[in-house]
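What follows is one structure encoded as structure tokens, with my remarks underneath.
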Amino acid sequence: MTGGSRRNARSRIKSPADDDDDRNESSLRQTKPDLKLRRDRGRNQDSIRIFNVDLKVMLGCTVVAFFVMWFFIYDLVSPTEESHKPRVITPFPSPKVTDLPQFQGEHKESLYWGTYRPHVYLGIRARTPRSLVAGLMWIGIKDGRYFMRHVCQDSDDLSKYGWTQHNGRDFGNQVIVDKDMTLTTSFLKLKQEGSGYGGDWAVQVDVQKDEGMQSEDSGGAGHLFFYLADEDGSVLSLGRDTLDIHDSLLTSGSRADVGSWQLHLKSQDDLEVHYSGFRTPHIHNLSDLVQQSLATQARKFGRLELPDTSELSPNFAVFQISARIPFKIDIAFVSGVGSKSSEVEKRISSLTGTSLTSQLKEKQEYFDTLFEKKFNMENKVDLESVAAGKFALGNMLGGIGYFYGQSKISFPRDLNVGTRDNFISYWPAELYTAVPSRPFFPRGFLWDEGFHQLLIWRWDIHISMDIVGHWLDLMNIDGWIPREQILGAEALSKVPEEFVVQYPTNGNPPTLFLVLHDMIHGLKENKFNSVERNKIISFLERAFVRLEAWFQWFNTSQSGKEVSSYYWHGRDNMTRRELNPKTLSSGLDDYPRASHPTEDERHLDLRCWMLLAADCLHSITELFEKNEFGKEYGNTAKRLSDFKILNEMHFDDAYGAYFDFGYHTEKVRLSWKEIMNGNNYASRELVREVLENPKLRLVPHIGYVSLFPFMRKIISPESWILGKQLDLISNRSILWTDFGIRSLARSSSMYMKRNTEHDPPYWRGPIWMNMNYMILSALNHYSKEDGPFKDRARTIYNDLRSNLVRNVVRNYHRSGFLWEQYDQKNGKGKGARLFTGWTSLVLLIMAEDYAGT
């Protein structure tokens, strides 16, 4: 599904590298600016020549061109070690978006602590590279064996988990159902008098048993493990042999960011508490350390309990809290602890017991009130749908994470720059972002994030701008952003090593322009108050130069042979095993394209993404009255939306549909053949067989890509072609189902075909929520535009919206989860579960809140 290596990580199919240097850096020959650059493609990629600068460019070059020129002039006159750094790992030379004053001060401190470790069931950290990290583990039982629960994973076979409510800032409520045991985990953050930077926080864990369920024997006891670890290696104080529950202090320490701190445990129930302290340089293997300690104790003493001992200078402390179910515990973290114990006790009291319970209830009620105000669901959907909508929003916000590390970028081996590997490390960077799926994809994906922000900005515009700013700050000097962000040891632990490296020749749909376009539309429609408006304007002013560079990277590196044509780089033209070479960079992975990848391809979806980007940049220049810059973007948008040119390049009259273009034949199949290996050993493999030579032609596969001109609202409301699109969408033999619009037509030769022996169909039939959201947005648009198809668009809109909401809500209440995709035959959830990335757009569908409306 979603952005290349995500699919790869599941199928373990290696992503193809594009080694064609001629395609890597094509010369500028399209739109603005007219400055033409030719890069010297030596192994270190660090030289550049500027030529053919005409008077028009000198008078009207863009800000981004200025920065590029400045950088290289500086590079020539100031030869330093830094000047020999490969361009691909050189940051974009402009002030960071996240350095804006609006992201500092109170805003930054208010978001310092949070549930920013989405890959674990409950994980807390600060937005700083080396933080105190906290989390919860517990012992579950399956098939008569004990298992440690910690990292979100399907193999735990939990009936349900996820944030039912979360405001993205200082409150969250999560329900976890593990067989007959239900854990309700709640998070609260407070800034109190005397608190250190970022304030104090508390976690409440309420453990209940479902007496109606048949349970596996656990003796009626529950075993929780709450831990705290310091990534910086600072020592945690554990100076006792046993813990006295009446003295609530578990551990303490000191850090430069929050000062002296303490962690306390409170409960009204009869608890048994044990602990262990460890010295570890890593935090991605914490559950392994705990399990090893428990196993040792079990072998020696026959008891499942921690040993109440610590290694020297521990930076990881874990506390086993055992009690008969039901029971409830409160964990309080207080920072900035001074000498006045009475003040500390007062703060602890406000974070535990009845005070904590009361505050959590108030936060829950306020969440519900704000939810109704933001999304106005009354009379639009039933209560079951509202519950699913809250889960979608809550888990989207609760899944926001903070990551820090260095991406690995594909780079030829070159001892001159100190690399003996086939990759080079990006600069150390931080990323604050939502994630598609906590168990499967708990990291940043570029094209997913634009869809995520369509929901998040409607809830909290400040969080949304902060996230978009972090992504834009990952841009290198060429205007490229790595599409998958695998930052830090915890993130790396979830990804097979062969899928970690990112390819700087390959892009990803620039969906961040979706949310920026929304924000600009909101400014024009006065949807924001004066404070929000001023901050959005400041944000757009700072971001503009990076957005220009991003656009220019696409406009040069992904341009096709024909003017105003584009194609996704990175397809494997030498494959012997793929039925149709995947287009991972498009995000649509195995959606069928031209059978034989070449530079002659014209990809319809990328053309439409470029239209969105050009139109958005043009709108920003209009907002700031930068007419000298805006004219070129306006001309580009006009050219890309030119109906006649679009139809000449992509429309097929016979099908009444839009298609890609390239060297293609339909006569390709997968056949079993015996292949001789290096050791003269024959193996039977499924290989690609081409039965006729390809020809330059339109690629006749109707599906999501075909609908991009419709989704981008390029087609005139008066045009007969609009009627044809409505025919395709509503025809059960083509795209329509009772559960949503399928990704590929039943009539396609690739419909539900495997792409390799180990690669089942992905975007070849199943229903995806992000594309259905954009289809609904277009239907809603055309249902309000005067023309012969207005009423029909409204009818299809109503039916499709009803089908989508009904199916997602039914699956949620039956399975406990939102899903990555939905089966086009029976509507059943498929792929990753707890996929509250773009599937959460179902909430905007319920609310009938569409991009740009």
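The values are calculated or read from the model by the stated rules, or taken from the named source; none is laboratory data. Just so it is clear, the model here is predicted, and its values are computed rather than measured. Using ideal geometry, Cβ is built from the backbone for each residue, glycine included, and neighbour counts are taken over all protein chains shown. Areas reflect the complete protein model, heavy atoms only, side chains present, ligands, DNA and RNA absent. Shrake-Rupley method; radii C 1.70, N 1.55, O 1.52, S 1.80 Å.
Things worth noting here:
- Close pairs from segment 535-559: first among the acidic types (Asp, Glu), partner part of a helix (DSSP H, G or I), Cβ under 6 Å, at least 6 apart: Glu548/Val64
- Of the residues making up segment 768-781, one or more are open to solvent by 10 Å² or more (accessible area, probe 1.4 Å), aliphatic (A, V, I, L, M), closer than 24 Å to Ile714 by Cβ and in contact with a helix residue (DSSP H, G or I) (Cβ under 9 Å, 6 or more places away or on another chain).
- Scanning segment 323-348 for residues that are surrounded by 19 or more Cβ atoms within 10 Å (Cβ to Cβ) and either without any contact (Cβ under 8 Å) to a residue 12 or more places away in the chain or part of a strand (DSSP E or B) (or both) yields a count of 9.
- Matching option when the condition is in contact with a Leu (Cβ under 8 Å, 6 or more places away or on another chain), open to solvent by less than 20 Å² (accessible area, probe 1.4 Å), free of Cβ contacts under 8 Å to residues at least 40 places away in the same chain and farther than 30 Å from Arg577 by Cβ, among Tyr797, Tyr850: Tyr797
- Sole residue being among the charged types (D, E, K, R), farther than 25 Å from Ile721 by Cα and in a helix (DSSP H, G or I), chosen from Glu632, Glu599: Glu632
- Subset of segment 805-853 [more than 16 Å from Cys152 (Cβ to Cβ) and of a type in the set (A, V, I, L, M, F, W, C)]: Val805, Val808, Val809, Trp838, Leu841, Val842, Leu843, Leu844, Ile845, Met846, Ala847, Ala851
- The number of residues in segment 422-471 being under 19 Å from Tyr773 (Cα atoms) and among the β-branched types (Val, Ile, Thr) comes to 2.
- Hey, Asp206 surrounded by fewer than 19 Cβ atoms within 10 Å (Cβ to Cβ), at pLDDT 95 or above and under 20 Å from Ile348 (Cβ atoms) or not: yes
- Test: residue in segment 449-467 that is touching a residue at least 24 places away in the same chain (Cβ under 8 Å), closer than 21 Å to Pro428 by Cα and part of a loop (DSSP other than H, G, I, E, B): no
- Screening Ser706 on (1) open to solvent by 10 Å² or more (accessible area, probe 1.4 Å); (2) within 21 Å of Lys582 (Cβ to Cβ) shows it passes everything except condition (1).
- Every listed requirement among (1) of a type in the set (Gly, Ala, Ser); (2) surrounded by fewer than 22 Cβ atoms within 10 Å (Cβ to Cβ); (3) farther than 16 Å from Thr505 by Cβ; (4) at pLDDT 95 or above is met by Gly560 save one, (3).
- Where a residue in segment 667-690 is of a type in the set (Gly, Ala, Ser) and its partner, wherever it lies, is open to solvent by 90 Å² or more (accessible area, probe 1.4 Å), with Cβ under 9 Å and at least six apart: Ala682/Glu674; Ala682/Met676; Ser683/Glu674; Ser683/Met676
- Filter result for the condition that a residue is under 21 Å from His758 (Cβ atoms), open to solvent by 10 Å² or more (accessible area, probe 1.4 Å), over 35 Å from the mean Cα position of the chain (by Cα) and of a type outside the set (Gly, Ala, Ser), over Lys695, Lys673: Lys673
- Within segment 263-284, the residues that satisfy the criterion of being open to solvent by 40 Å² or more (accessible area, probe 1.4 Å) and touching a residue at least 40 places away in the same chain (Cβ under 8 Å) are Lys266, Gln268, Asp269, Asp270, Glu272, Pro281, His282, His284.
- Among the residues listed as Lys830, Lys825, the single one being touching a Phe, Trp or Tyr at 6+ places or on another chain (Cβ under 7 Å), within 30 Å of Glu578 (Cα to Cα), open to solvent by 10 Å² or more (accessible area, probe 1.4 Å) and among the basic types (Lys, Arg): Lys830
- Scanning segment 800-822 for residues that are over 17 Å from Met846 (Cβ atoms) and surrounded by 14 or more Cβ atoms within 10 Å (Cβ to Cβ) returns Ser815, Gly816, Phe817, Glu820, Gln821.
- Positions within segment 219-231 being outside any strand (DSSP E or B) and surrounded by 14 or more Cβ atoms within 10 Å (Cβ to Cβ), in sequence order: Glu231
- Ala323 vs. criteria at pLDDT below 95 and farther than 20 Å from Arg130 by Cβ: no
- Output for segment 568-587, where each listed residue is touching a strand residue (DSSP E or B) at 6+ places or on another chain (Cβ under 6 Å) and closer than 17 Å to Trp447 by Cβ: none
- Identity of the residue in segment 610-623, open to solvent by less than 40 Å² (accessible area, probe 1.4 Å) and hydrophobic (A, V, I, L, M, F, W, C), that ends up nearest to Leu640 (Cα to Cα): Leu611
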